[in-house]
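In what follows, a single structure is set out as structure tokens and then discussed.
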Amino acid sequence: MEILRQIDLFDLIKRALAEDVGQGDITTAATVEPTVLGRARITVKEPDGIVFCGGMILAQTFSLTASEPAMKQLVREGELLHRGALAAEVDGRLAGLLTGERVALNFVQLMSGIATATRRYADAVAGTRARIVDTRKTHPGLRAIEKYAVRVGGGGNHRFGLDSGVLIKDNHIAAAGSIGAALDRARRLAPHTFRVEIECETLAQVAEAIAHGATSILLDNMPLDEMRRAREIVGDSVILEASGNVSLETVRAIAETGVDLISVGALTHSVKAVDLSMRIQAM
């Protein structure tokens, strides 16, 4: 939860509720007395289980719908849950629980989906030197919680934003004129605390990058044999990151080439939300 402690989730949840509730929950107002108490139980429906993530958002969401929530049970972040397992139980005002149901589930299903997918990738490369990391291919406005979910699933975070690191990509190289020119310019501007990473598509570019002092190289869509050769060229002092055409079927072979990092955009940009059920009853 370290990342989420540093940001304010209030505004994010408030905007999500405003989008869903609008001027008011007409259905709940018509069917539920405001003083009635209720209990919400969230259970897992995924046949293969999930890695749970996002529990801290439940209480905050229901607090903003005037539920006055009391968390009776909440599993740990990162806990593996099998189908039918109880993830959370919340008591509170029934109307508020009903109004906040969809938004609360949307957040937790997405975050648990990311954590679950990340765990599968991390397990697939276990025993190698490679670590799974995310990318900036996140849903606008949701980057903080999505990158948090990657960490819960056992992955690492790449740059949070453009101001948190230097990554020289193909278009930057084209603009600068060459790999050497791009690296030289980046070093003049970047603080000494920043590692400068540069994208290479060929082994010739890898050699050029090393000649100009690169300490971190992103291997973009390289064949496996070229990735292995890149490791031989740079030795162990340079960080190698593999990117492109990464899937659960290919990630182990990529890891075995000797790269240090494997960035997987699919962890966030196309992840499938997990199937959770929230049953609410009057008390």
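The values are calculated or read from the model by the stated rules, or taken from the named source; none is laboratory data. Worth saying up front: this structure is predicted, and the values here are computed from it rather than measured. All Cβ positions, glycine included, derive from the backbone under ideal geometry; neighbour counts span all protein chains shown.
Report yes if some residue within the range 199-212 is within 30 Å of Ile42 (Cβ to Cβ) and not acidic (Asp, Glu); otherwise report no. Within the range 199-212, none of the residues are within 30 Å of Ile42 (Cβ to Cβ) and not acidic (Asp, Glu). For the range 171-204, filtering for residues that are surrounded by 13 or more Cβ atoms within 10 Å (Cβ to Cβ) and closer than 24 Å to Asp225 by Cα leaves 8.
Table: residues versus (1) at positive phi; (2) touching a strand residue (DSSP E or B) at 6+ places or on another chain (Cβ under 8 Å); (3) part of a loop (DSSP other than H, G, I, E, B); (4) surrounded by fewer than 15 Cβ atoms within 10 Å (Cβ to Cβ).
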residue: Arg41; (1), (2), (3), (4): no, yes, no, no
residue: Ala87; (1), (2), (3), (4): no, yes, no, no
residue: Val90; (1), (2), (3), (4): no, yes, no, no
residue: Gly96; (1), (2), (3), (4): no, no, no, no
residue: Thr118; (1), (2), (3), (4): no, yes, no, no
residue: Tyr121; (1), (2), (3), (4): no, yes, no, no
residue: Gly127; (1), (2), (3), (4): yes, no, yes, yes
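Of the residues examined, Met227 is not one that is under 20 Å from Gly244 (Cα atoms), at pLDDT 95 or above, part of a loop (DSSP other than H, G, I, E, B) and not charged (D, E, K, R).
Counted as qualifying within the range 134-204 are the helices (runs of 4 or more DSSP H) with 2 or more residues that are more than 13 Å from the chain's Cα centre (by Cα) and not polar (S, T, N, Q), namely 170-176, 179-189. Residue pairs whose Cβ atoms lie under 7 Å apart, separated by 6 or more positions or on different chains, with the first residue in the range 205-218 and under 20 Å from Phe194 (Cα atoms) and the second polar (S, T, N, Q) and assigned to a strand (DSSP E or B), are Leu218/Ser243. Against the condition under 22 Å from the mean Cα position of the chain (by Cα), buried (at least 21 other Cβ atoms within 10 Å of the Cβ) and at pLDDT 95 or above, how does Val51 come out, does it pass? So Val51 passes the test. Could you grab me the full set of residues in the range 230-279 that are within 30 Å of Val90 (Cβ to Cβ), among the hydrophobic types (A, V, I, L, M, F, W, C) and surrounded by fewer than 16 Cβ atoms within 10 Å (Cβ to Cβ)? Scanning the range 230-279 gives no hits. All of (1) closer than 23 Å to Val125 by Cβ; (2) within 22 Å of the chain's Cα centre (by Cα); (3) surrounded by 13 or more Cβ atoms within 10 Å (Cβ to Cβ) hold for Met227 with one exception: (2).
Output the qualifying pairs, or none if there are none: Cβ atoms under 6 angstrom, residues six or more apart or on different chains, first residue in the range 57-75 and not assigned by TED's automatic domain parsing to the domain that holds Leu142, second residue of a type in the set (Asp, Glu). As it stands, the answer is Ala70/Asp91; Lys72/Glu89; Lys72/Asp91; Gln73/Glu89, since those pairs meet every condition given.
Taken over the range 216-234, the criterion of being of a type in the set (D, E, K, R) and touching a helix residue (DSSP H, G or I) at 6+ places or on another chain (Cβ under 9 Å) is satisfied by Asp220, Glu226, Arg229. Residues of the range 235-283 that are in contact with a helix residue (DSSP H, G or I) (Cβ under 6 Å, 6 or more places away or on another chain), within 30 Å of Leu97 (Cα to Cα) and not aliphatic (A, V, I, L, M): Thr268, Lys272.
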